[in-house]
Amino acid sequence: MVASEIEPLVKTGGLADVLSGLSNAFAKTDCEVTVFLPFYKQVKESKYEFTRLDQPISVQLGGRNFTGSVLRTVIHEKVEVICLENNDLYLRDGLYVDPETGEDYKDNDLRFGFFAKAASAYCKAYKYRPHVIHAHDWQGGLVMADTFFAQDPYFKKTPNVFTIHNLSYQGKFPPESLTTFGLPESSFTSMGVELFGDVSLLSAGISYADLVTTVSEKYAEQIKTPELGFGLENILIGRGEKLIGITNGVDYERWNPEIDPWIKENYTIHNLSGKQVCKNNVIEEFNLPEICCNAPLFGVISRMIEQKGLDLIMDIFPDLMAHGGKLIVLGKGQQNIEQDFLELARNYPESLSVRIDYNEPLAHRIEAGADFFLMPSRFEPCGLNQMYSLRYGTIPIVHTTGGLDDTVKEFSPKLGRGNGFKFSSPHPEALLKAVAKAMDTFGKPRRWDKIRENAMAADHSWDRVAKKYLRLYQQAINEKKKSVL
Ligand code: ADP
């Protein structure tokens with residue numbers, strides 16, 4: 001696996017959870033997994049111990065030589081992580097964006113060009129011959145193009161799989177970077193690496209992988225439309241059956257109210273009394289008045305970016321509050337969204353509390369303490385928090401997009417089936433309707449018990465998802481064998 005994040009070493013979003021959950025699930029079967037990762041400052045400062053391997057790696061980028069050491073560690077007992085070190089490139093406060101300017105690092109072409117090329121250089125230098133190379137998002141995209149064009153016998157029989165976690169991050173660089181990446185002129189077409197006149201490393205991954213996956217079935221369909229294709233819809237359509245949607249899973253060793261070490265009291269599907277204790281606790285932690293303990297409590301944990309549709313929540317908040325709802329929000333991201341939330345919270349201190357922070361333990365306490373979880377994302381490739389919410393008996397209210405639609409089932413009081421509430425147009429009125437239904441259910445004890453039971457019983461474990469990937473890897477291996485005969 002070639003990826004730019006993995007929990008518990010470094011995380012900015014769902015990619016890290018996916019890498020962790022999927023590799024852990026593989027490692028529990030008889031698969032050997034090696035994950036390649038840049039040796040970022042955050043990784044260096046993690047509590048893990050690293051062994052420095054003796055042979056450094058050198059790669060060429062735009063006629064310049066870049067060298068880095070290789071550090072090894074093991075996570076989840078069996079998952080090997082190979083970190084590629086280059087302090088000039090990675091010893092910084094941000095992963096992709098400079099926190100001081102809020103802008104992408106100017107040398108991201110070199111940073112992720114080095115990363116991709118060093119990962120394949122490692123394989124040759126250390127005589128490591130994987131059965132499958134699986135790269136993730138634009139940061140891993142060059143691996144696909146690089147091994148495709150290298151015509152290197154070393155990789156000739158090795159199939160490439162590429163996963164799109166979010167099509168809106170495209171790894172775009174000016175056309176001159178074709179030389180930096182060592183790609184041929186012939187690749188600079190819209191069916192290759194060219195995107196709106198630039199070189200896109202996301203396009204590189206999509207065009208040159210043997211198989212392309214994305215993180216939910218619905219998103220796999222949506223990205224083939226102009227609305228959510230972000231200019232890539234045609235190459236995605238062109239990949240035909242080689243583009244497959246596999247919905248992400250949940251690591252129930254980390255997200256499980258029965259054993260979660262970060263919540264006030266553990267609870268189970270058979271006895272939810274601990275959930276009320278968690279609710280009281282999180283209300284106190286967010287400095288909301290004690291009276292909120294009996295009100296319907298809505299939770300949000302999110303990167304604060306346009307994609308997440310948080311403005312819809314702010315729009316409906318006065319109505320939500322007028323019907324007795326309370327809201328707790330944890331998030332970090334765009335300053336304007338952070339400021340808008342903080343201002344709203346100043347106006348309604350009795351009903352809304354906002355924490356601008358990135359805080360994993362607090363995220364668990366919100367999952368455990370809230371009654372409802374709001375995810376009105378404009379688009380959402382898969383989304384993880386709605387699945388975490390289900391396991392915590394916290395009822396998700398979601399927009400019917402991407403993985404949110406695939407993983408949440410609308411509750412039907414008549415049939416007693418379903419585990420959440422959905423709305424199909426990303427507008428405040430539609431969200432408010434779903435919220436009204438949710439509050440109505442909260443007020444009817446038998447329905448409320450039923451929906452929570454349904455939610456907690458849903459199974460989205462990685463083990464099941466990993467089996468789908470293994471079948472896909474086998475398909476890629478078989479097809480590759482045939483094509484090189
Ligand atoms: P994305 O990858 O677009 O951010 P996902 O729903 O796929 O969205 O994954 C988000 C992950 O990041 C979840 O594990 C979520 O709990 C976590 N997360 C997001 N914001 C925060 C935050 N402010 N504090 C703690 N965890 C967060």
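Annotations for the structure displayed:
- Conditions (1) at pLDDT 95 or above; (2) over 20 Å from His131 (Cα atoms); number of the one not met by Leu37: (2)
- Residue match in region 267-284 (condition: acidic (Asp, Glu) and either within 16 Å of the ligand (Cβ to nearest atom) or more than 26 Å from Ser20 (Cβ to Cβ) (or both)): yes
- Identity of the residue in region 388-411, among the polar types (S, T, N, Q) and under 18 Å from Ser425 (Cβ atoms), that ends up surrounded by the fewest Cβ atoms within 10 Å (Cβ to Cβ): Thr400
- Of the criteria (1) within 13 Å of the ligand (Cβ to nearest atom); (2) free of Cβ contacts under 8 Å to residues at least 40 places away in the same chain; (3) of a type outside the set (Gly, Ala, Ser), which one His364 fails: (2)
- Criterion (out of contact with any helix residue (DSSP H, G or I) (no Cβ under 6 Å at 6 or more places or on another chain) and of a type in the set (A, V, I, L, M, F, W, C)) met by exactly one of Val79, Val97, Val143: Val97
- Answer residue from region 303-321, given it is among the β-branched types (Val, Ile, Thr) and closer than 15 Å to Asn347 by Cβ and is farthest from the chain's Cα centre (by Cα) among those: Ile316
- Any hit, region 49-65, residues being without any contact (Cβ under 8 Å) to a residue 12 or more places away in the chain and acidic (Asp, Glu): yes
- Every residue from region 272-295 that is surrounded by 23 or more Cβ atoms within 10 Å (Cβ to Cβ) and not in a helix (DSSP H, G or I): Phe286
- For Arg471, the criteria (1) within 30 Å of Lys156 (Cβ to Cβ); (2) buried (at least 16 other Cβ atoms within 10 Å of the Cβ) hold in every case but one, which is (2).
- Verdict on Phe155 being modelled with pLDDT under 95 and surrounded by 14 or more Cβ atoms within 10 Å (Cβ to Cβ): yes
- Residues that are within 8 Å of the ligand (Cβ to nearest atom), out of contact with any Leu (no Cβ under 8 Å at 6 or more places or on another chain) and under 19 Å from Asn287 (Cα atoms) do occur in region 338-358.
- All of Ala370, Ala430 fail the test of being within 22 Å of Gly13 (Cα to Cα), modelled with pLDDT of 95 or more and more than 10 Å from the ligand (Cβ to nearest atom), apart from Ala370.
- Picking from residues in region 159-190 that are within 17 Å of the chain's Cα centre (by Cα) and of a type in the set (A, V, I, L, M, F, W, C), the one that is surrounded by the fewest Cβ atoms within 10 Å (Cβ to Cβ) is Leu167.
- Verdict on Gly299 being part of a loop (DSSP other than H, G, I, E, B), touching a helix residue (DSSP H, G or I) at 6+ places or on another chain (Cβ under 8 Å) and either within 15 Å of the ligand (Cβ to nearest atom) or not β-branched (Val, Ile, Thr) (or both): no
- Only one of the listed residues (Val199, Val193, Val215) is of a type in the set (A, V, I, L, M) and within 18 Å of the chain's Cα centre (by Cα). That residue is Val215.
- Selection of region 305-333 for residues being within 16 Å of the ligand (Cβ to nearest atom) and within 19 Å of Arg365 (Cβ to Cβ) yields Leu327, Ile328, Val329, Leu330, Gly331, Lys332.
The values are calculated or read from the model by the stated rules, or taken from the named source; none is laboratory data. What you see is a predicted model; the values in this text were computed from it and never measured. Positions of Cβ are generated from backbone atoms using ideal geometry, with glycine treated the same way; all protein chains shown enter the neighbour counts.
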